[in-house]
1. Answer yes if at least one residue in the range B:41-52 is away from chain A (no Cβ under 14 Å) and at pLDDT below 85, and no otherwise.
2. Assuming A:Arg194 fulfils every condition listed in (1) over 18 Å from the mean Cα position of the chain (by Cα); (2) open to solvent by 30 Å² or more (accessible area, probe 1.4 Å); (3) within 21 Å of A:Tyr73 (Cβ to Cβ) apart from one, which condition is it?
3. Just one of the numbered conditions (1) modelled with pLDDT under 95; (2) part of a helix (DSSP H, G or I) is not true of A:Trp132; which one?
4. Of the residues B:Leu95, B:Leu66, B:Leu101, only one is open to solvent by 60 Å² or more (accessible area, probe 1.4 Å) and modelled with pLDDT under 95; which?
5. Output the number of the condition that B:Leu160 fails; it satisfies all remaining conditions of (1) within 16 Å of DNA strand C (Cβ to nearest atom); (2) surrounded by fewer than 17 Cβ atoms within 10 Å (Cβ to Cβ); (3) in a helix (DSSP H, G or I).
6. Would you mind finding the one in B:Glu229, B:Glu184, B:Glu211 that is outside the structural domain of B:Leu156 (by TED's automatic domain parsing), of a type in the set (D, E, K, R) and open to solvent by 100 Å² or more (accessible area, probe 1.4 Å)?
7. Of all residues in the range B:170-213, how many are within 11 Å of DNA strand C (Cβ to nearest atom) and hydroxyl-bearing (Ser, Thr, Tyr)?
8. In the range A:175-230, what count of residues is obtained for those that are within 13 Å of DNA strand D (Cβ to nearest atom), free of Cβ contacts under 8 Å to residues at least 40 places away in the same chain and touching a strand residue (DSSP E or B) at 6+ places or on another chain (Cβ under 7 Å)?
Protein chains: 2
Amino acid sequence: MKLNPHISVDCVIFGFDGEKLKILLLKRNISEDGNPVSSVDYKLPGNFISDEEDLNTAANRVLKDLTGLENIYLKQFKVFGKPDRVSKEKDLKWLHDTTGLPIRRVVTVAYYSLIEINRSKIELTGNNKAEWVSIEEARELAFDHNDILNAGLSTLRTKLQFEPVGMELLPEKFTLRQLQTLYEIILSRKLDNRNFRKKVLKVNYLTAMNEKEKDVAHKPAQLYSFNKELYLNNFIQFEGFQF
Amino acid sequence: MKLNPHISVDCVIFGFDGEKLKILLLKRNISEDGNPVSSVDYKLPGNFISDEEDLNTAANRVLKDLTGLENIYLKQFKVFGKPDRVSKEKDLKWLHDTTGLPIRRVVTVAYYSLIEINRSKIELTGNNKAEWVSIEEARELAFDHNDILNAGLSTLRTKLQFEPVGMELLPEKFTLRQLQTLYEIILSRKLDNRNFRKKVLKVNYLTAMNEKEKDVAHKPAQLYSFNKELYLNNFIQFEGFQF
DNA sequence: TAAGCTTAACGTATTTTATACGCTAAGTTT
DNA sequence: AAACTTAGCGTATAAAATACGTTAAGCTTA
């Protein structure tokens, strides 16, 4: 029996809660026959794509179905396509086909997405329960999803050096401290706050709001917002903060 | 009738002849019924992949079948997958399937490759004739191959800024002048030769040979080679020349 | 209410890196 | 031997990255 190749889209969805970098995973608590499973299983959100669907459309659909959000930062970053992808027996139960056949080979187009964690209304019902998991805890994923996650994380780190993508993970109004903490966490190192501030304020696409931080036990900081249009207009090839 | 998605691998193969940046294209001179065609048609080398084949393996196979070369710089850079990819009637004749059906949708995993132009023994026979075409002349490609080519070129330019990939396009022994010319052509601007030399000689992965240029009508230059192992060992995340 | 704590916010000195440009050397061609 | 061409070394200046000092503004607590 010859099986056709199937194309799926998987998304590494990043979020930031102010302290940790997180990713949105699907947790399988209950096996298909209704019995509880002993081992906890996570997988990246994803789906097979239909013949008529554009890849980017499919990725956006996965994101919308899960979070309810649209027009979100979402970029393709790699394709995974080993034919022996499904090697472990237990992984087979994750795989469905419209024909009901098990799938021996899947080509996965991997996307990474940056979303503001509080805007997402994640789906808590159903068999696949969505959950924000911090990077350190996100190990032991199904299939080759660990590889995909690591590749996505590496892409995010690299991207951050050359394009101001950090703002996508923050609320519309944010302080420079929040931005710096985010950079520090993604890059895994401390940054000098005075130099960070200098570099960041040199660009013109950060607009100071007429507003300050509230309910903090110290001097409240100025709030800023990211002017995406202004950034895109001045964008030549690369622009961002290099640390 | 429901058609299954098909996955193909297309390669943007770059070469450098000392003066121009070129890409390896397949030229179709004769139509399928044997009559000459009026319009010249080019396409990128590529192939459909079988169910059992790894994507990278498939790309390497395309490269080897065409040039006879193995272990060549070859990197995946983007996936193209609009369902309406085949829109023009004339493009249909390029598409085959093992079943003989026309293909309505193809997902293409695009690779770019850097090869030393003189090492390739390209296949000059057969219906699809391979030809090195300079970038400026490479217009009017079949399907969405123009998009793929442009994306590949953009990837190469960006990559060059951060990793020393230029050497892949040069012979094993090369002069700094050759290297500079290559950089100038890919980046489309003149570089100061004294500063270029300073920056390039600071790295440790360029080894001076005990040999000089020959048969030139001026002072012969020192020959260098690229020590790939040394580069990869010292490689942290990015290293290269930024101009 | 004053002292102490925390983070915001501004500034300066130093080092490193990038850029601009002058000049001599070693070959070939005429 | 003079003219020509590219190789190859150096220095002076500008720009960017880094290190670090200091005051300000609000909150908490004694």
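1. Scanning the range B:41-52 turns up at least one residue that is away from chain A (no Cβ under 14 Å) and at pLDDT below 85.
2. Single failed check for A:Arg194: (3).
3. It fails just one condition, (2).
4. After applying the criteria, what remains is B:Leu101.
5. (2)
6. Within the list B:Glu229, B:Glu184, B:Glu211, the selection yields B:Glu229.
7. Total meeting the criteria: 0.
8. The total comes to 4.
The values are calculated or read from the model by the stated rules, or taken from the named source; none is laboratory data. The structure displayed is predicted, hence computed values, not measured ones. Every residue, glycine among them, receives a Cβ derived from its backbone with ideal geometry; neighbour counts consider all protein chains shown. To get the accessible areas, we keep the full protein, side chains included, count just its heavy atoms, and leave off ligands, DNA and RNA. Shrake-Rupley method; radii C 1.70, N 1.55, O 1.52, S 1.80 Å.
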